[in-house]
Amino acid sequence: MTDPTLSQDAAHAVALGILTHFQRQADQGLIVLDERLHVADVTASLDARLDPDAEVRGQPLLELIHPEDQAAVPDDLLVQLHSGQDVHVEVRLNTRGVAVWCELDFLPVTPPQPGMWALAIVRDITPRKTAEQHARTLEARRDALMEVAMDAIVSIDRHGRVVAWNPAATTMFGYTLKEVLGQQLSALIIRPADRDAHQRGMARPARRVWRGGACRSRRCTRRATPCRSN
């Protein structure tokens, strides 16, 4: 039978070894949590970023997290961890008074040690979150411009399916956004006689620019409507 004291000593040594490892990591940090989810220890680099003028150890983990993101941490975090579940959250940590987006991966200490029940690996994901926010801003700006544009604007994916369709396109072609999303553009507005040429043009690997041609409109099915796409 395994001596429980030896198992505890081994677990403690492993946890301390992990902490020592993360002390040398510039892009990651580690938080050691006790049975109350209070900070028992933290790597020096992360400690300096969190609050160099205050003692982080002994504080509840939630105190380090932005109030709007605290709900992302499960109330039964320790129960989940020690039942074998993975826990991963993305939250803002209060670092020197500035909220910084971080990814927290929680690991259980098995068996739990006095003052050492779980570990949280911390990675700064601010650049990714900033890029995501920038993309959302651009998308919102694009959507706003499409709504007020007087010209028909249609976007398709690499398979020729409609992914964007503004009100002016509805006015020109007679199809609503709901009707066209996910549909093949060629089946909607390209004349049957021109579809083969359209498909060949779409298959070309070079940058595709439709300089001119004719398309169909539900509002005017007896004649082709001259169109230009850039």
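The values are calculated or read from the model by the stated rules, or taken from the named source; none is laboratory data. What you see is a predicted model, and the numbers here were worked out from it, not measured in a lab. Here the Cβ positions follow ideal geometry from the backbone for every residue, glycine too, while neighbour counts run over all protein chains shown.
Among the numbered criteria (1) modelled with pLDDT of 80 or more; (2) assigned to a loop (DSSP other than H, G, I, E, B), which single criterion is violated by LEU104?
Going through the list (1) modelled with pLDDT of 80 or more; (2) assigned to a loop (DSSP other than H, G, I, E, B), LEU104 breaks only (2).
Would you mind finding the one in GLU55, GLU63 that is on the phi < 0 side of the Ramachandran plot and touching a strand residue (DSSP E or B) at 6+ places or on another chain (Cβ under 9 Å)?
Working: GLU55 fails: touching a strand residue (DSSP E or B) at 6+ places or on another chain (Cβ under 9 Å).
Of GLU55, GLU63, the one residue that is on the phi < 0 side of the Ramachandran plot and touching a strand residue (DSSP E or B) at 6+ places or on another chain (Cβ under 9 Å) is GLU63.
Of (1) within 24 Å of ASP76 (Cβ to Cβ); (2) aliphatic (A, V, I, L, M); (3) free of Cβ contacts under 8 Å to residues at least 60 places away in the same chain, ILE121 satisfies all except one. Which?
(3)
Of the residues that sit in region 154-171 and are among the charged types (D, E, K, R) and either part of a helix (DSSP H, G or I) or out of contact with any Gly (no Cβ under 8 Å at 6 or more places or on another chain) (or both), which one is farthest from GLN199 (Cα to Cα)? Full working, then the answer.
Initial filter on region 154-171 (among the charged types (D, E, K, R)): 157-158, 161.
Next, from what is left, pick out any that are either part of a helix (DSSP H, G or I) or out of contact with any Gly (no Cβ under 8 Å at 6 or more places or on another chain) (or both): 157-158.
Details: ASP157: 13, ARG158: 11 Å.
Among them, the one singled out is ASP157.
Do we find that GLY182 is surrounded by fewer than 13 Cβ atoms within 10 Å (Cβ to Cβ), small (Gly, Ala, Ser) and at positive phi in this structure?
On the way: surrounded by fewer than 13 Cβ atoms within 10 Å (Cβ to Cβ): yes; small (Gly, Ala, Ser): yes; at positive phi: yes.
Yes; evaluated as a whole, the condition is true for this residue.
Can you find, within region 67-80, the residue that is surrounded by the most Cβ atoms within 10 Å (Cβ to Cβ) among those that are hydrophobic (A, V, I, L, M, F, W, C) and at pLDDT 90 or above?
Keep residues of region 67-80 that are hydrophobic (A, V, I, L, M, F, W, C), which gives 71-73, 77-79.
Add one more test, that the residue is at pLDDT 90 or above, and what stays is 71-73, 77, 79.
On the way: ALA71: 12, ALA72: 14, VAL73: 17, LEU77: 20, VAL79: 10.
Out of the qualifying residues, it is LEU77.
Take region 108-147 and flag every residue that is within 22 Å of TRP165 (Cβ to Cβ) and of a type in the set (A, V, I, L, M, F, W, C).
Step one: filter region 108-147 for residues within 22 Å of TRP165 (Cβ to Cβ), giving 135-147.
Of everything in region 108-147, those that are within 22 Å of TRP165 (Cβ to Cβ) and of a type in the set (A, V, I, L, M, F, W, C) turn out to be ALA135, LEU138, ALA140, ALA144, LEU145, MET146.
Residues in region 51-61: is at least one among the acidic types (Asp, Glu), surrounded by 14 or more Cβ atoms within 10 Å (Cβ to Cβ) and more than 20 Å from LYS129 (Cα to Cα)?
Within region 51-61, the first condition is being among the acidic types (Asp, Glu), and the residues that meet it are 51, 53, 55.
So of that shortlist, the ones also surrounded by 14 or more Cβ atoms within 10 Å (Cβ to Cβ) come out as 51.
Now narrow it down to the ones that are more than 20 Å from LYS129 (Cα to Cα): 51.
Yes, region 51-61 contains a residue that is among the acidic types (Asp, Glu), surrounded by 14 or more Cβ atoms within 10 Å (Cβ to Cβ) and more than 20 Å from LYS129 (Cα to Cα).
With the condition kept exactly as written, say whether any residue in region 90-97 is part of a loop (DSSP other than H, G, I, E, B) and modelled with pLDDT of 90 or more. Can you show your working first?
From region 90-97, those part of a loop (DSSP other than H, G, I, E, B) are 96-97; that's our starting set.
Checking the rest, the ones that are also modelled with pLDDT of 90 or more come to none.
Within region 90-97, not a single residue is part of a loop (DSSP other than H, G, I, E, B) and modelled with pLDDT of 90 or more.
Restricting the search to region 84-110, which residues are in contact (Cβ under 8 Å) with a residue 40 or more places away in the chain and in contact with a Ser or Thr (Cβ under 6 Å, 6 or more places away or on another chain)?
Across region 84-110, the qualifying residue is only VAL100.
Of the conditions (1) surrounded by 11 or more Cβ atoms within 10 Å (Cβ to Cβ); (2) within 30 Å of LEU78 (Cα to Cα); (3) not basic (Lys, Arg), PRO127 satisfies every one except a single condition; which number is it?
For PRO127, the failing item is (1).
Can you tell me which residue among ALA203, ALA135, ALA168 is surrounded by 17 or more Cβ atoms within 10 Å (Cβ to Cβ) and not assigned by TED's automatic domain parsing to the domain that holds VAL91?
On the way: ALA203 fails: surrounded by 17 or more Cβ atoms within 10 Å (Cβ to Cβ); ALA135 fails: surrounded by 17 or more Cβ atoms within 10 Å (Cβ to Cβ).
The match here is ALA168.
Test of understanding: among ALA44, ALA48, which residue is over 25 Å from ALA131 (Cβ atoms), among the hydrophobic types (A, V, I, L, M, F, W, C), exposed (fewer than 14 other Cβ atoms within 10 Å of the Cβ) and modelled with pLDDT of 70 or more?
Numbers: ALA48 fails: exposed (fewer than 14 other Cβ atoms within 10 Å of the Cβ).
Every option except ALA44 fails the conditions.
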